[in-house]
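S.K.: Got a structure for you, written out below as structure tokens; questions coming shortly.
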Amino acid sequence: LACSHHHCAFPVSRNGLCVWNTATAQPLYLSGHHYSISALSFGNNINPLLVCSASHERVIVWNLDECTQKVEEGFTPRGIVIGTLLGMVLHIRFSPDDQQVAVCAGNQIYILSAKNEAVLAELDGHLAPVTAAEFCTWEKSMLISVSEDRTFKARKLYLSLYLFNFFNLKVWDYSTSQLIYQSGIITAFPLLSLLIDEENKQIITGCAEGQLWIFSLISDHNYRCVTHIDLKKEQEKFCNKVWKSGQEIGEGQNNSKLCKTDNMRPEGSVETSLPILLIEHCDFFVCFHNEESIYSSQNTSYFWIGTSTGLLIINLANLELEALLSYRDYSDLSIQIARSCALTRKAANGKVLCLIASMFEDMVAVLEINLAALVRTQHSDFLPCGNEKSLSVIASSYIFPFLSNHYLSVIGHLCKLNYFPTGVKNTVKDKPLVFHNKIKSSGYTAAPRMAMFSPNTNLEKKEVSKWKTSCKCKNKEYPLESYPPIKYEKEISVTCKPTPIFSVQYSGDGELLACGQADKTVLIFNSNLIDVHSIFSGHDGAVNSVGWSHDRKWLVSASEDRTLRVWSICNKEPALILGKEKFHKTVRFAQFYFIDTFILLCCGAEFHLLSFHLDTTKDDLKRYKQRSVCKLVQKFPMTSAMEITSLSAVNEFYSYIVLTAGSNRALEVFDLNAGCSTAVIQEAHVRSVHQICQNKGSSYSAQQPEAYNLFLTTAAGDGIKLWDLRTLR
């Protein structure tokens, strides 16, 4: 996302670019990318106003005046391609004179000419993707950058390179690569955002855990850390202050509700991190030039802080919050957690334009924030104007001919919001997945497709309707308005002596709970844990995993005895047994797959895809011979791993994607329809991943599986991470 003056820019349909003029409400559509746009930035000059867009395959600079003229003349606007095949671009920034563009692609920074395709400089030194970079305005040859490797660096593009390490502050001479300065350890979280304070000659950087650091760039200060701010604590302090002062927003109680909710979380709520997505200058005094207040006489700087949950204004003089805007306080706004945001540096008519993108959907919200009203409602230093309404509803309008907008009713002229999807969801099928990231692919996009299997789409409408209706009745919906459960309601002992439980799994309807135990048994409880529903015994080793079938009639278990068993819920005898001769190592994990068409299991450094047929009937003459059959379809080895530590695939609807994690701390994605590995993320965690969890949705929503299978979480000894399956970031 990008904002500048009266313009905002955002991707449409992934590889298209829309520049919206808020003054005229006219959109300008620009096309030139073949892959998803991953970074945007406006130029610093108004005439001409430039915008740069970057994707995996090219970086393009657009002159908006020329593009608008081309559209009016009936021609297709074209931009200038200034870079190609640089990799996954996370950030771009124009130089102060708009002559160069800093492109952060992967671990490197490319300095490109804004007029033609020329690489002026290539800067490396980071060990992980660079997340932001800024040019120093008073010293044009200096560039500051921050990275996911928990480092930030300041470089002299011509003479010397200054490097700030997140663990150690380092200064490098660019020509000799000599280390000039090194500091002690600072923190352990990745840096995400960066801003240069021109007035005080400082840099402000924010990390993924809500921490701000300010470093001095004055030459004789030796790049010392001026201060450190914990935004979580400052936010609680601010809410306490407003709550105790008894201030209200307008004539309602919303401010009290906001502050009380933030400071005193209801019992059962979960505390989340506060990633700092954006740091931007705040045009604070311009909004109060006609009003008398204690702020009009202060000589200090103010900054916007954009987080995943809201916007904050911080006073650099006392390092305290002046205002807080939380997304969740607007019930009609569908975006409550932001993935990225952008703000205009200067206010127009006392209002600031803001863009936020949803973390979980293809949705962008446009906010027009009345800065004076926002601060006035949260401070007793400002008295409300007599002619100002405390509640207004702004009329709706249409930015795009095919996408509707909705303006929310706002409190005390705080803000005007409208939201719209960034494009129609991609409905193109039968094309290989392309992950836009610097990951091993082995020519996956060029590989021919194989018809390994396909879902049955010949169901009659009556059968489909009946199946959906029955599923709706059986499945229990999770209450979305409730907090996640963090307190146990009941506790039972499964055995007489202490016994480890290695696996627990709810059935799809939530009525039964299966437990795989170290005492070689599988127990099935009713969901209320009142009594034991069934006990399955027969394994000669600890049960590593259990998994339910889609129809809740079968249970698959894997054990340390190198066997796999499929049990019928109605019969305590196994319907299928795969013995030790089938597997060379312990079976760590097993599950049903492709709506009970296959079985997936992990064995060593590979996973097996098995087709099967279950038959529980008995022959009186051969009663000990099982009639069920199972056949190996294919084995899929994981790259450079000694053992697969976790596996995840969707069984609730048809999905070709299988996710694996290995002892080498890598995460690997397989497309079983193409029959190969499609992507590898090296060092996904510091330690081996022991659990992968996908958002699988509900069984009766299988007609739109793409809405449920976009995100996954991985858990390891170093924490839990949320991944976007579309970009593998």
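Readers should treat all values here as calculations from the given coordinates under stated rules, not as data from a laboratory. Just so it is clear, the model here is predicted, and its values are computed rather than measured. A quick note on method: Cβ atoms are made from the backbone with ideal geometry, for glycine too, and the neighbour counts reach across all protein chains shown.
S.K.: Summing Lys, Arg as +1 and Asp, Glu as -1, what charge do residues with Cβ under 12 Å from the Cβ of residue 72 carry, residue 72 excluded?
M.R.: Every neighbour counted, the sum reads -2.
S.K.: Among 234-243, 651-660, how do they line up by average Cβ neighbours within 10 Å per residue, starting with the highest?
M.R.: Put in order of decreasing packing, that is 651-660, 234-243.
S.K.: Counting every Cα pair in region 558-642, what percent are over 15 Å apart? Each step should come with its number before you reach the end.
M.R.: Values: 2169 of 3570 pairs.
Tail of the P(r) past 15 Å holds 61 percent of the pairs.
S.K.: Compute the signed sum of charges (Lys and Arg +1, Asp and Glu -1) over the other residues within less than 14 Å, Cβ to Cβ, of residue 218. Could the numbers behind the result be given before it?
M.R.: Values: positive: 201, 224; negative: 139, 197, 198, 199, 220.
Taking every other residue near residue 218 into account, the sum is -3.
S.K.: Could the peptides 561-572, 214-225 be put in order, highest first, of the mean number of other beta-carbon atoms found within 10 Å of their residues?
M.R.: Output ranking for 561-572, 214-225: 561-572, 214-225.
S.K.: Moving on. Kirkwood Rh, region 7-115, all Cα pairs: how many Å?
M.R.: 13.8
S.K.: Grab the Cα-Cα distance for residue 360 and residue 25, subtract it from 0.36 nm times how many residues apart they are, and report the gain in nm with one decimal.
M.R.: 117.9 nm
S.K.: Any idea how far the Cα center of region 483-520 sits from the one of region 578-642, in Å?
M.R.: After rounding, the separation between the Cα centres reads 25 Å.
S.K.: Okay, moving on. What net charge do the residues around residue 6 carry, taking every other residue with its C-beta under 12 Å from that of residue 6, with Lys and Arg at +1 and Asp and Glu at -1?
M.R.: Working: positive: 346, 351; negative: 368.
Taking every other residue near residue 6 into account, the sum is +1.
S.K.: Need one number: nm distance between label points at residue 597 and residue 233, each 7 Å from Cα along Cα→Cβ, rounded to one decimal.
M.R.: Label at residue 597, label at residue 233, 5.6 nm between them.
S.K.: Between region 2-25 and region 538-576, how far is it from one alpha carbon centroid to the other, in angstrom?
M.R.: Measuring centre to centre over Cα atoms gives 55 Å.
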